[in-house]
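Following: one structure in structure tokens, then a few remarks.
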Amino acid sequence: MSSIIYEFFLFDIKITLTVLHLMLFVVNTVLFIFSGKIIALLSYESGEKQKLKTWTFRFFNITFFILHLFDLVLTGINKEYEQHLSKVALTLVSFYTVKLLLHVSSNFIRRKFGDEKTIDGKNINVENYSTRMVNILVTTILVFINIVVVINIWGFNSLLETTGLIGIILGFFALTSSIWGPDLFHGLALLNSSMVEDGDIIELEGKFYIVFKTSFMETVLLNIANNHRTRIRNSNLANLKIDNLTKLAHAHGLRETIVYKVSYPCKTEEKQEQRLIMLEEHQDKMEEMLKQSFKECCEKEELEINENNQFECFLVEAGDFSLNYAVSFYVGGVKKTKFTHQARKILRTKHLVNEIIFNNSIRYGVDLSTPVLINSN
């Protein structure tokens with residue numbers, strides 16, 4: 001297989017090509033030409049991500065070719081040269097091959113064992129506890145195989161050299177376990193609880209996010225308000241209070257409440273009969289205002305409101321200067337999504353309902369203003 005098939009001189013440097021060199025160059029050229037189709041077949045992605053993976057694949061092709069070319073030149077210059085550049089090229093190829101296999105296996109495992117969820121109208125398999133455990137097992141096996149391959153590439157064949165290299169690698173993982181261990185553990189715990197999944201809308205410390213992707217070490221979130229990405233370690237995420245708006249307690253939808261401070265309909269110095277009349281008028285106005293507001297909310301397509309549940313209004317406090325009414329309603333259509341504009345459509349429902357109720361309060365003469373206190377001193 002290593003027999004010489006061609007020899008020539010390049011600037012007085014004798015270049016020797018063997019059958020193995022020819023096979024490597026032919027295979028590398030074929031892979032470079034068909035890299036786009038190979039990545040399209042294995043990546044399960046499209047668009048810019050697929051282009052990026054294709055050019056990464058081609059980068060390794062070019063690097064592999066250049067390193068072997070320099071290796072041929074150095075071999076012609078020095079007969080005792082031990083082809084270190086070829087070993088570097090093969091090592092890089094082994095690392096990239098393992099990475100590619102991990103990517104393919106991860107997609108296959110997610111499709112085979114993942115939970116099927118509907119995100120933005122599409123059925124997608126997302127990560128769960130089982131897929132993460134299988135991924136850890138597959139990753140461990142492939143990394144071990146890669147270590148054995150690298151050992152053979154560099155000729156560490158003796159037992160002392162092999163055990164020494166493996167010991168260094170295991171020692172590295174042991175020394176760094178305090179860094180990556182908590183993130184891995186909490187990531188598995190979050191997936192096992194199904195509290196944080198891809199496409200969920202969550203609230204953290206008063207801000208709203210979309211769960212874009214969960215990995216071994218971190219979770220990537222989409223900031224709904226500012227439309228940017230946020231990275232948070234799994235160990236930090238597990239220690240925060242997580243309000244998941246997608247995990248509903250009832251099929252009615254997400255329950256929202258707005259408190260209004262309504263002025264008193266009458267004063268204490270008025271006669272009892274007049275006060276009762278004003279009270280009845282006040283209650284009628286409140287009822288008509290909320291009915292009209294609910295009707296207008298249902299007519300607006302941009303409002304994600306549950307049309308099957310009327311507004312609920314309760315007098316929660318009769319304060320010194322105003323009556324505090326809590327108006328509750330249900331927001332429907334809270335589904336998994338990875339688009340921030342869809343999430344904003346859900347979150348702004350509360351603000352639009354507030355605006356409609358305010359406009360109708362003016363039409364029906366319900367005073368939402370609270371008197372300003374003036375200190376006579």
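Return the pair list, or none, for Cβ contacts closer than 6 Å from residues in region 19-37 that are in a helix (DSSP H, G or I) to residues that are modelled with pLDDT of 80 or more and of a type in the set (F, W, Y), at least 6 apart or on different chains.
N28/F64; N28/F65; S35/F57
Here are the criteria: (1) among the aliphatic types (A, V, I, L, M); (2) touching a strand residue (DSSP E or B) at 6+ places or on another chain (Cβ under 7 Å); (3) closer than 23 Å to L102 by Cα. Tell me which single one I201 does not satisfy.
So I201 meets the others, but not (3).
Does L67 count as more than 36 Å from the chain's Cα centre (by Cα), part of a helix (DSSP H, G or I) and modelled with pLDDT of 80 or more?
Judged against the criteria, L67 is a match.
Suppose the filter is modelled with pLDDT under 80 and either among the aliphatic types (A, V, I, L, M) or more than 24 Å from I145 (Cα to Cα) (or both); does V30 pass it?
In short, no.
The values are calculated or read from the model by the stated rules, or taken from the named source; none is laboratory data. For clarity, every value in this text was computed on a predicted model and none was experimentally measured. Heads up, the Cβs are rebuilt from the backbone with ideal geometry, glycines too, and the neighbour counts pull from every protein chain shown.
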